Amino acid sequence: MSRRSWIAAIAAAVLLGLALLWAFAPQPVAVEVAAVTQGRFETTIDEDGKTRLADRYVVAAALAGRLARIGLREGDPVQAGMTVATLTPALPALQDERTRRELRARVEAAEDNVTRAGARVQRVQVALAQARTEQRRSEELSQQGFIAPTKLDADRLATEAAQRELDTAAAEQRIAGHDLEQARAALGAAQPGAAARPFEVRSPIGGRVMRVLQQSETVVALGTPLIELGDTQRLEIVAELLTADALAAAPGRRVRIESWGGPAALEGRVRAVEPAAFTKVSALGVEEQRVRVLIDFTSPHAQWQALGDGFRVGVRIVTVAQEEALQVPVSAVFPLPADGAGPGLDTAADPPTHAVFVVEGGLARQVPVRLGGRNGSAAWIRSGLALGTSVIVYPPATVRDGVRVRVRGS
């Protein structure tokens, strides 16, 4: 074989070897990446809620008699002291001794209610004064840096709650006085010798008519419900949460109110979590333990004045909120294997339980991280990553520490 033939054969063998080496060499794994970002991070409890009146009043017949037809309709506005129904005594007072005794008892009960309402107003006034004093003290200490901002926020919420309690107590005192006036008027109409003149039933509050329970003219007994009233400016939201979620929905938590029909989300705050849970069967037939959470609106009334009693809304109760938090897509985080946290993170005091794959020089590197929380789209990274680092999202099973990777689209 000539020298030229040997050279050609060797060159062909080298080319074949290179082709085989290229064909059987491991190819980079195609991956998708996302950058570590920084911003506000929140975790929320999402649930449907329903609006309801904070206080509902059912006006009843103050005496037995003939009810004139009620001209009010659902949604009509009423003022405190406005006549909502008219009664004419059915029997002469001289022949109805039992009614007079019942009316005297109602007068005495109404007087006791007025006394009790006044005592409650005084008690709440003392609590409000104490809450304001504590808030002023916390503001002074906060300016000097001696207390945490959360303590100041808690004191402000306590003052706001005490003010709301005082408003409610004052309204109840006015209503108790109105009930006493009604009871005395009914007793006067039932006295011997009193003419069977019409008796006017008046509204104890200013608000709207929710339901007319007795619309047509008829004879009613003492205590028969006639009309239901409520103040739609004092609405609250009731959300039924799983008991496990309700533990995180502590009073004072911020709430975003969405899917209510308006152009923008409303703001609210958790007022209370009811102490008793109940069993509810889900749409899948599973028994769940749920508890009612009461939420107050904090947005101005002008923004939600179109809402009424029993309207459906969506609530997002914020359980964790962190400003300027490092975040990665939640699909990039996976549980850390139990064989160690890997290099680069001190695990003596608080060992990490999760990790991500980062791209460095075309290679995938497993990096352990500490999580601060996760929501439906992002994970809050307390430590382990730097801003702008590229992490692999939805890492395939072929990705391992040190494996060559190729970013799709690059």
With R₀ set to 60 angstrom, the calculated FRET efficiency between the beta-carbons of Ser142 and Arg73, to the nearest 0.05, is 0.70
Got a sec to turn the phi values of the stretch 272-288 into Karplus ³J(HN,Hα) couplings, 6.51 cos²θ - 1.76 cosθ + 1.60 with θ = phi - 60°, whole Hz, x for Gly and Pro? 7, 10, 4, x, 10, 8, 8, 8, 9, 8, 6, 5, 8, x, 9, 6, 10
Please determine, in degrees from 0 to 90 and to the nearest 10, the orientation of helix 149-189 with respect to the longest principal axis defined by the Cα atoms of the chain, where the helix direction is its Cα long axis. 20 degrees
Which of [x] 22.2; [y] 28.1; [z] 23.5 is the computed Kirkwood radius over Cα pairs in Å for the structure on display? [y]
How far, in nm, would the chain grow between Thr298 and Val238 when pulled straight, counting 0.36 nm per residue and subtracting the alpha carbon separation? 20.1 nm
Quickly work out the Leu363-to-Thr398 label distance, labels modelled 7 Å from Cα along the C-beta direction, and quote it in nm with one decimal. 1.9 nm
Between the Cα axis of helix 3-24 and the main Cα principal axis of the chain, the angle (0 to 90°, nearest 10) is 20 degrees
For Ile205, list long-range residues whose amide hydrogen, built 1.01 Å from N in the peptide plane, is under 5 Å from its own amide hydrogen. Gly81
Counting only heavy atoms of protein chains, what accessible area per residue, in Å², does the stretch 251-410 have with a probe of 1.4 Å? 55 Å²
Over the chain, what is the relative contact order in whole percent, taking alpha-carbon pairs under 8 Å and six or more residues apart? 26 percent
Quick one: length gained pulling Thr37 to Ala386 fully straight, 0.36 nm per residue minus the C-alpha distance? 124.7 nm
Charge dipole (debye, nearest 20) of the chain; +1 at Cβ of Lys and Arg, -1 at Cβ of Asp and Glu: 720 debye
From the phi of every residue in the stretch 305-315, what ³J(HN,Hα) in whole Hz does the Karplus formula 6.51 cos²θ - 1.76 cosθ + 1.60 yield, where θ is phi - 60° and glycine or proline is x? 5, 6, 6, x, 6, x, 7, 7, 9, x, 10
How large, in percent, is the carbon and sulfur part of the accessible surface of the chain at a probe radius of 1.4 Å? 53 percent
Could you give each residue of the stretch 379-392 its phi-based ³J(HN,Hα) in whole Hz, using Karplus coefficients 6.51, -1.76, 1.60 with θ = phi - 60°, and x for Gly or Pro? 10, 8, 9, 6, 7, x, 10, 10, 4, x, 5, 8, 10, 8
How would Met82, Met210 line up by accessible area, probe 1.4 Å, largest first? Met82, Met210
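The values are calculated or read from the model by the stated rules, or taken from the named source; none is laboratory data. In this text, all values refer to a predicted model and were calculated from it rather than measured experimentally. With ideal geometry, Cβ positions are generated from the backbone for all residues, glycine too; neighbour counts draw on all protein chains shown. The accessibility values were calculated without ligands, DNA or RNA, using every heavy atom of the protein model including side chains. Shrake-Rupley method; radii C 1.70, N 1.55, O 1.52, S 1.80 Å.
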